[in-house]
Each structure stands twice: as structure tokens, then as C-alpha cells.
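As C-alpha cells, the structure follows; a few thoughts come after it.
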Amino acid sequence: MTVIGFIGLGNMGAGMAANLAKAGHDVRAFDLSEAALIKASEAGCRPAESLADCVNDADVVVTMLPAGKHVRAVYEGGDGIFKHAKDGALFIDSSTIDVDSARHVISEATLKGFAMIDAPVSGGVGGAAAGTLTFMCGGERGSFEKARPYLDIMGQNIFHAGGAGNGQVAKIANNMLLGIHMIGTCEAFNLAEKLGLDAQTFYDISSTASGQNWSMTSYCPAPGPVQSAPSNRDYQAGFTAAMMLKDMRLSQEAAKSAGASTPLGAHSETLYAAMEAAGQDGLDFSGIMRLIKDDF
Ligand code: NAD
């Protein structure tokens, strides 16, 4: 049994922490939300009173927070993890954050003698609850190997993507591609329909031809062809357009700092931002079909 400090028990963290507790670890949970702490306690975690209380005995600390600024504050803040963690503790940050913050915090952790990896996930709230997440990890291989037994409890596919921050690179490059091919898929279905071809017929042809892609076959934005897709429940999320916009923005920020040309990523960001401006970003990201159809 390992003492694990878990910080950030929101939609994702709640399920992840619960799985670590279920596996027999002593999980000390901390969140700013009282409701989140109560839920964590019902799931077998021990609620902590403060960040210090959460991490001071922990061999491993997992963070699952909204954005880079929260991660920096929780690790580096005056009363943060760096100040209170045990010597030699291992840190796993599973939040999706900007590459620069991830690299900065890992480098600070290393300077202070801690082991740390960035380990963002895909698989959504369902994957977090079921323990079937995909983890994309960056950091020293030794730190990754130390983290692996815990990642194996929370996830199913675990990748070491290279040095610090490379997990975040994999995550935002993947999600930029997802955001782009979702829009392309909406455009193709809309064009076919406007020209007199129904969604099912177009799906049957394109899903076995060269237009085939994940947005089409697993998450079809046109209602009908894929039963489990959010398009069949009025685009209820799923993965919200707001979250896609967050990842698009992270990808564009990173593209700018790396000098990488991403013209489609840049344009896709403006389309998801238009969903936000229309107050529709609580819909699943495949709801961008409505924007393409001018149907808000
Ligand atoms: P969430 O907003 O539901 O949860 C974040 C939690 O962090 C909240 O409970 C909040 O109270 C807590 N928090 C914020 N600042 C804190 C602080 N200083 N100290 C302690 N707790 C603090 O978010 P989520 O959906 O669980 O997502 C978490 C991360 O996972 C994000 O980076 C997100 O991009 C990423 N992610 C989410 C999904 C998804 O489907 N929800 C999928 C993949 C990745």
C-alpha cells in the first residue's frame, strides 16, 4: 500500500482517485470544493484539510487540475507541494496544460530532488471511472517506470513519449488533429446532404473509402449512422466544445512558440471559439455540425 496524495477531484480526478483507493492504496484527497471531497470520501479516499496535509506523508502525488496556472500554483505556491512533500516523492501531473508550464514545473521539481512526469490523459470521464484511460507521459524514463504501477491502475494504454512535456505535446497534437477532422467530417456530411445524398448512404460509402476517420466512424456528427454518437442525443457531451477549444488554444500557443505552421489548427480554433461566442460550447464538440449548418 502506498500513500498517495491526490489533488483535483473533479470530473476526471474523482474516478481516478477512486480507482487508486479501490486498488488498496491510502489516498489522501484534496480539492477546493467541499462537495468533491465528500464524494471522494464516499469512494474510499481520506479527505485532507489542506494541501500540506494531503502531501506531507505521500510517496506519490497525483494532480488533475484545470490549467497551467493552477498546476504552477499548487506545486510552486508558498504553501504548495514543493514546500510540503516528502524528500524523494514522485509527482504525476495528469492535467492537460501548456507545454511550457509542464516543462517548467518538472524542471523545478527535478532541481528540488523530486521525480516528476507530465501524464495527460484521453478517454474522458467514462475512461476515468472505468480505469481505462490512455496516458501520454513525458519525463525521465526512471520516473516514468516508478509511476507505471499507478498509471496501470487508472489506465489501459500507457505511453512514454520522451522527455519532460512530451506527454502534453502528444495530447495537444492529437486533439488538434481530432478538432480538425471533426470539422472536415461535418463539412463532408453537410455537402453530401445539400447535394441530395442522405447521411447513411454517404456514411456507408465514405467509411469504407479514403474519407474514413475516427470522427466519422466512432463519433459521427450527423445523426443516424453511429448509434452511440452524441449527435443522436442532441449533441449532449461527451467531450464539450469548451474543452476542445481549450486544447485548440493550447495547440496554437505551442505552435507559435515552436514556429510550427498549423493553418488548419488556427482556423479550427476560430470555429470552436464561434461556438463559445454563441453560448453553445457546453454542447459536445461534434455539435460544431450545427455551426456548419448555420443551425444555432
Ligand atoms: P474539473 O473542473 O471537473 O476538475 C478540476 C478540479 O480541480 C475541481 O474539482 C477544482 O475544484 C479543483 N481545483 C482547482 N484548483 C484547485 C486547487 N488550487 N487546489 C485543489 N483543487 C483545485 O476538470 P476535469 O474535467 O476533471 O479536468 C481536469 C483536467 O483533465 C483538465 O486539465 C482537463 O483539460 C483534462 N481532461 C479532461 C477530460 C474530460 O473529459 N473532462 C478529458 C481529458 C483530459
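The values are calculated or read from the model by the stated rules, or taken from the named source; none is laboratory data. Computed from a predicted structure; not experimentally measured. FYI the Cβ positions are ideal-geometry reconstructions off the backbone, even for glycines, and counts take in every protein chain you see. To get the accessible areas, we keep the full protein, side chains included, count just its heavy atoms, and leave off ligands, DNA and RNA. Shrake-Rupley method; radii C 1.70, N 1.55, O 1.52, S 1.80 Å.
Would you mind finding the one in Ala242, Ala222, Ala254, Ala260 that is at pLDDT 95 or above, in a loop (DSSP other than H, G, I, E, B), small (Gly, Ala, Ser) and surrounded by 15 or more Cβ atoms within 10 Å (Cβ to Cβ)? Before the answer, list the steps.
Numbers: Ala242 fails: in a loop (DSSP other than H, G, I, E, B); Ala254 fails: in a loop (DSSP other than H, G, I, E, B); Ala260 fails: surrounded by 15 or more Cβ atoms within 10 Å (Cβ to Cβ).
After applying the criteria, what remains is Ala222.
Given the criteria in contact with an Asp or Glu (Cβ under 8 Å, 6 or more places away or on another chain), away from the ligand (no atom under 11 Å from the Cβ) and without any contact (Cβ under 8 Å) to a residue 60 or more places away in the chain, does Gly165 qualify?
Numbers: in contact with an Asp or Glu (Cβ under 8 Å, 6 or more places away or on another chain): yes; away from the ligand (no atom under 11 Å from the Cβ): yes; without any contact (Cβ under 8 Å) to a residue 60 or more places away in the chain: no.
No, not satisfied.
Within segment 116-130, residues that are under 16 Å from Val99 (Cα atoms) reach partners that are open to solvent by 10 Å² or more (accessible area, probe 1.4 Å) and within 11 Å of the ligand (Cβ to nearest atom) with beta carbons closer than 6 Å, at six or more positions or on different chains, in the pairs Pro120/Thr96; Pro120/Met136; Pro120/Lys171. So, Asp204, is that one more than 22 Å from Lys171 (Cα to Cα) and acidic (Asp, Glu) or not? For Asp204, the condition - more than 22 Å from Lys171 (Cα to Cα) and acidic (Asp, Glu) - is met.
For segment 84-98, check the following and say yes or no: at least one residue is closer than 16 Å to Ser143 by Cβ, open to solvent by less than 30 Å² (accessible area, probe 1.4 Å) and within 12 Å of the ligand (Cβ to nearest atom). Within segment 84-98, one or more residues are closer than 16 Å to Ser143 by Cβ, open to solvent by less than 30 Å² (accessible area, probe 1.4 Å) and within 12 Å of the ligand (Cβ to nearest atom).
Among the residues of segment 151-162 satisfying the criterion of being open to solvent by 40 Å² or more (accessible area, probe 1.4 Å) and not in a strand (DSSP E or B), which is nearest to Ala102 (Cα to Cα)? I'd like the intermediate steps shown before the answer.
In the first step, residues of segment 151-162 are kept if they are open to solvent by 40 Å² or more (accessible area, probe 1.4 Å); the result is 152-153, 156-157, 159-161.
Narrowing further to those that are not in a strand (DSSP E or B): 152-153, 161.
On the way: Asp152: 22, Ile153: 23, Ala161: 14 Å.
Only one residue tops the list, namely Ala161.
For every residue, the table says whether it meets (1) within 16 Å of the ligand (Cβ to nearest atom); (2) touching a strand residue (DSSP E or B) at 6+ places or on another chain (Cβ under 9 Å); (3) open to solvent by 10 Å² or more (accessible area, probe 1.4 Å); (4) assigned to a loop (DSSP other than H, G, I, E, B).
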position: Gln200; (1), (2), (3), (4): no, no, yes, no
position: Val226; (1), (2), (3), (4): no, no, yes, yes
position: Leu271; (1), (2), (3), (4): no, no, yes, no
position: Asp281; (1), (2), (3), (4): yes, yes, yes, yes
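Taking the listed residues Pro230, Pro221, Pro263, the one that is under 30 Å from Leu65 (Cα atoms) and touching a Cys at 6+ places or on another chain (Cβ under 7 Å) is Pro221, with no other qualifying.
The rows are residues; the columns are (1) open to solvent by 50 Å² or more (accessible area, probe 1.4 Å); (2) within 11 Å of the ligand (Cβ to nearest atom).
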position	(1), (2)
Ala115	no, no
Gly127	no, yes
Met136	no, yes
Pro149	yes, no
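Checked against (1) touching an Asp or Glu at 6+ places or on another chain (Cβ under 8 Å); (2) open to solvent by 10 Å² or more (accessible area, probe 1.4 Å); (3) within 24 Å of Thr96 (Cα to Cα), Ala36 passes all but a single condition, namely (1).
Can we say Glu42 is within 14 Å of the ligand (Cβ to nearest atom) and open to solvent by 60 Å² or more (accessible area, probe 1.4 Å)? First the steps, then the outcome.
Numbers: within 14 Å of the ligand (Cβ to nearest atom): no; open to solvent by 60 Å² or more (accessible area, probe 1.4 Å): yes.
Spelling it out, it is not the case that Glu42 is within 14 Å of the ligand (Cβ to nearest atom) and open to solvent by 60 Å² or more (accessible area, probe 1.4 Å).
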